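To keep things clear, I will list the structure first and then write my remarks on it.
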Amino acid sequence: MNLAPPATSLPAPPRARRRIGVLLDALYNEYASLLVTAFEFEARARELDLYCFAGGALHSLAGHELSRNRCYDLVSTRSLDAIAVLSLTASSEVIESFLARYPGLPKVTVGHVVPGVPVVAADNAAGMREAVVHLISAHGRRRLVFLRGPTTNQEAQTRFQAYRDALLDFGLSYDPALVLQGEFGADAGRRAMRDFLDRRVDFDAVVGANDFSTLGALEVLRERDINVPHQVAVIGFDDADEARGATPTLSTVRQPYFELATHALDTLALMMDGKPPPERLVLGSRLVRRRSCGCLSDGAPSDAPPSLSTVSEPFRDAFERLRPQLARELVASARRARANAESGFEHGLLDGLGEALDHVSDRRLIDRLDQVLSRTIESGGDVVAWQTTLSELRRKLLPAVRGDAKRWMRMEDVWQRLRVLIADAVDREQRALRTEAERSASILTDTSESLITSFDVESLPRALADRLPALGIRSCFVALYDGFGTPPAKSRLIVAYDRSRLLDLPPGGLLFDTLELAPPGLLDARRHAMVVEPLFFENAQLGFALLELGPRRRVVYELLRELVSAALHGAELMRRVQVEAAAREHAEKQRLESELSIATRIQTSILPRDLAVRGLDIAATMLPATEVGGDYYDVLPTDDGCWIGIGDVAGHGLRSGLVMMMLQSIVASLVRQRPDAAPREVLRVLNAVLHDNVRTRLEQDEHATLSLIRYRADGRLTFAGAHEDMLVYRAASARVEVVPTLGTWVGATRDIDDVTQDSELSLADGDVLLLYTDGVTEARSTAGEYFGSERLKQAFGSVAEQPVAAVRDALTDGVRAFMHEQQDDIALLVARYRAQS
């Protein structure tokens, strides 16, 4: 790891509660998210403060991940009493070196084996073995595909080895052709399964090292009309929420998340009290059977013959004798299901159960269970777990009613009603998950629009305060680094949003010691659980944010980090512009030179550096004129293609450069939030934001021509927005086709819905797309003649068979040779489509 050692630790200030730090790569990792939920549950019960440092994977030494790694520089004894390492994608050696940076902190790992550090782990080997053995022995599968996790992840490697060992135990040979690289992600799982199916290798089961890669593979099996589970049985690992909502529901191995959190915190408590901890605790995982492997869901009525034992004592005596045992089972079930049930709920349920089996009424039982199920859904728990509980209670009560046929029939009738109630709750839970996902996406889009228009630091607190309540985040603190260092010794708190209200801060923010994470006393009044997110733009470290744990969709924190970082970066750019604008009063010449320099940097610095897109060879260029204009192009890759934008802001100089920067920022934020949005919808939002910024806030009249193109790897283009005609060289006919772009300017009027429509275009193998700005066609010769569209079309057709870089260079050289003097920017993008085999 190329990270600076932590700053020299001063004595920790006195705190109202102990603080535990949780170190993980990212919260959108479902395994890490479930573990964080368990740690928060346990920390709340113990009155511990929790800080989750989402600092990225440790194996990268440059770029985005290294910038995220700086979050770990905030970990110190100044703010924490102990740390737990949950999910870090790195080798054992890297993690060992990393943890050596914190010699003064008690530490425990969850799953990572590091010499000298206590570890609490799930039995990954036994869990994976159970899954593989189940497919072989219960379902007769013999050709088992395995979706591996990252090779640097210890737990992924353990699961892979367990798969190989189980095959060996059953005399099945290991076939490397059946091992796919899933990388713990749905996209990776989809890609791996598509490539595997294209090879036409015989198989009858899929086992995944985690649920998300398995769910991605499951989608592809459905796309190819391969029946699951009849043709191919499927089992994942982790029991993510999405596993229960899959079609068919995904069989998986459930890790003991809450037990892991309990024992990890127990270990840290011993160490903080100066007592020796256990070196290693291994907890059992268990297979959860659902439809994807061919079983009924756990908790469904079993086909196995029931026990025929009976008890001779009266039912009421037997019920009261069993009551303590049943109560313990209900309490344990509530914990497993993360039900957040009221204290003593088990007694109300058992009272209702007694009444129901005594033929009084089942109303109290149904009402009480419905309350518990509702609280389970509200807390983001596992409703399906109550089916297993129901079956366990029935098994224990059956001997007490078997001697009374009437009571036995009554119990079966009641149990059927309870199963229906739980099935209805499962349906409610899945609807709630879908609704929450849709609602969060909508709110994040609105938040994106709000934050990307906050081009000053002062407006950021209000923009956040207006959006955070809808996201379920009750507290948020944003700090900017003040000075230099890794991290700087001081930071300034610029946003303090606590318990849904903004706190007053002095102008310029509140200065505090960075390693304390917040000004003294600010977070002492109540117990809290925070996510620590680093704020950075490219390699520039801006500061950090503390976001209170709340939303079930943990990706919300990652997206907020990106939005706040972009807003701060934009505010800094605007601040620089304002400083430069003020300087023009002193020297007109210096002002003009400064403006042109800034505009040139803005225009060139945000051009895309990575033009690698699946199925496209792309070459592009931007040739700024002496008087800088507002030409724009961008390439934003997606999983299945990319977005391409090209446009031109009216006018020249700094304002045009700024409007172009706004345009690029807005487009990039919107398409990253919704990569599958329709171009006309992106243009609609872009136009509204740009019109408000330029016309209302800046009181200027700049507008732009802009075409947005959504390219997919199968050659389909969907585009909208008015700009220069697109040219397409058709390789099959060697002819150049002119494709008009329809619409109107963006930023000129408030509403462009009626004149903005999506159009479609398809590229065949070898076809070449040419996009350009009017600096090409309006270039003038010495005689005043325009280069023109027809000349460009002919020049393009004559060189289109060459490599795209050569096409680009030939066209730009031709325009330069033709024109007398460059008076406008020239932007040009050439893309050749290569059909994927």
At a threshold of 8 angstrom on Cα-Cα distance, excluding pairs fewer than six apart, so keeping six or more, what relative contact order does the range 171-323 reach in percent? 17 percent
With all protein chains present and a 1.4 Å probe, the order of PHE196, PHE818 from largest accessible area down is PHE818, PHE196
Cα-based Rg and Dmax for the range 695-831, where Dmax is the largest Cα-Cα distance (Å): 16.5, 51
Using θ = phi - 60° and Karplus 6.51 cos²θ - 1.76 cosθ + 1.60, couplings along the range 606-619 (whole Hz; Gly, Pro as x): 9, 5, x, 9, 10, 9, 7, 9, 4, x, 10, 9, 10, 9
Which one of TRP386, ASN340, THR376 is farthest out on the positive end of the charge dipole of the range 328-429, using unit charges on Cβ (Lys, Arg +1; Asp, Glu -1) and the Cα centre as origin? TRP386
Accessible solvent surface per residue of the range 659-735, calculated while the other protein chains remain in place, 1.4 angstrom probe, Å²: 36 Å²
Degrees separating the helix 211-223 axis from the principal Cα axis of the chain, which is the longest one: 70 degrees
When Rg is the radius of gyration of the Cα atoms in the range 710-775 and Rh is its Kirkwood radius, what does Rg/Rh come to? 1.03
Roughly how tilted is helix 804-818, in degrees to the nearest 10 and between 0 and 90, from the longest Cα axis of the chain? 30 degrees
Cα extents of the range 682-730 along the three principal axes, largest first (Å): 45, 19, 10
Global form of the range 621-702, assessed from the alpha-carbon gyration tensor, a/c cut-off 1.5: oblate
Which one of ALA800, GLN664, VAL207 is farthest out on the positive end of the charge dipole of the chain, using unit charges on Cβ (Lys, Arg +1; Asp, Glu -1) and the Cα centre as origin? VAL207
Taking amide H positions as placed 1.01 Å from N in the peptide plane, with prolines and chain starts having none, which residues 5 or more places from ILE83, or on another chain, fall under 5 Å of its amide H? GLY21, LYS107, VAL108
I want the local charge near VAL114. Using Cβ-Cβ distances under 15 Å, sum +1 for each Lys or Arg and -1 for each Asp or Glu among the other residues. -1
What ratio of Cα Rg to 2.2 N^0.38 Å holds for the range 505-554? 1.34
With every protein chain in place, the accessible area of TYR729 for a 1.4 Å probe, in Å² rounded to the nearest 10, comes to 10 Å²
Sequence-distant or interchain residues sharing an amide H contact under 5 Å with ARG286, placed H: which? ARG254
Calculated Rg and Dmax of the range 132-246 using C-alpha coordinates, Å: 12.9, 35
Per residue, how large is the accessible surface of the range 127-195? Use a 1.4 angstrom probe and give square angstrom. 41 Å²
Antiparallel bridge percentage (DSSP; both residues within the chain; nearest 5): 70 percent
Using a 1.4 angstrom probe on the protein heavy atoms only, could you order ASP169, ASP358, ASP73 from most to least accessible area? ASP169, ASP358, ASP73
Per-residue ellipticity at 222 nm attributable to helices in the chain (runs of n ≥ 4 DSSP H, -39500 (n - 2.57) apiece, nearest 500 deg cm²/dmol) works out to -13500 deg cm²/dmol
What is the ratio of the Cα radius of gyration of the range 62-207 to 2.2 N^0.38 Å, with N the residue count, to two decimals? 1.29
As I understand it, the value is the acute angle between the Cα axis of helix 186-198 and the longest principal axis of the Cα atoms of the chain; what does it come to in degrees, rounded to 10? 90 degrees
Report the extension gain between ARG697 and VAL201 in nm, rounded to one decimal, defined as 0.36 nm multiplied by the number of residues separating them, less their alpha carbon distance. 172.4 nm
Expressed to one decimal in nm², the mean projection of the alpha carbon convex hull of the range 458-508 is 4.0 nm²
Based on the mean of other Cβ atoms within 10 Å per residue, sort peptides 114-127, 153-166, 216-229 so the most packed one is first. 153-166, 114-127, 216-229
Whole-angstrom gap from the range 86-162 to the range 764-837, using each part's C-alpha centre: 54 Å
Accessible surface ranking that places the most exposed of LEU270, LEU559, LEU250 first, with a 1.4 angstrom probe: LEU270, LEU559, LEU250
Sorted by chain and number, the residues with a modelled amide H under 5 Å from that of GLY747, at a separation of 5 or more or across chains, are HIS691
How many angstrom lie between the C-alpha centres of the range 637-679 and the range 365-400? 51 Å
From the P(r) of the range 221-261, could you give the percentage of C-alpha pairs in the tail past 14 Å? 53 percent
Using a 1.4 Å probe on the protein heavy atoms, what percent of the accessible area of the chain belongs to carbon and sulfur? 50 percent
Please report Rg over Rh for the chain, where both radii come from the alpha carbon positions and Rh follows the Kirkwood definition. 1.02
So how do 41-47, 276-282 stack up, highest first, on mean other-Cβ count within 10 Å? 41-47, 276-282
Debye, to nearest 20: dipole size of the chain, +1 on Lys, Arg Cβ, -1 on Asp, Glu Cβ: 2620 debye
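The values are calculated or read from the model by the stated rules, or taken from the named source; none is laboratory data. These numbers were taken from a predicted model, which means no experiment stands behind them. Here the Cβ is made from the backbone with ideal geometry for all residues, glycine too, and neighbour counts use every protein chain on show. Keep in mind that these areas ignore ligands, DNA and RNA; they rest on the heavy atoms of the full protein, side chains included. Shrake-Rupley method; radii C 1.70, N 1.55, O 1.52, S 1.80 Å.
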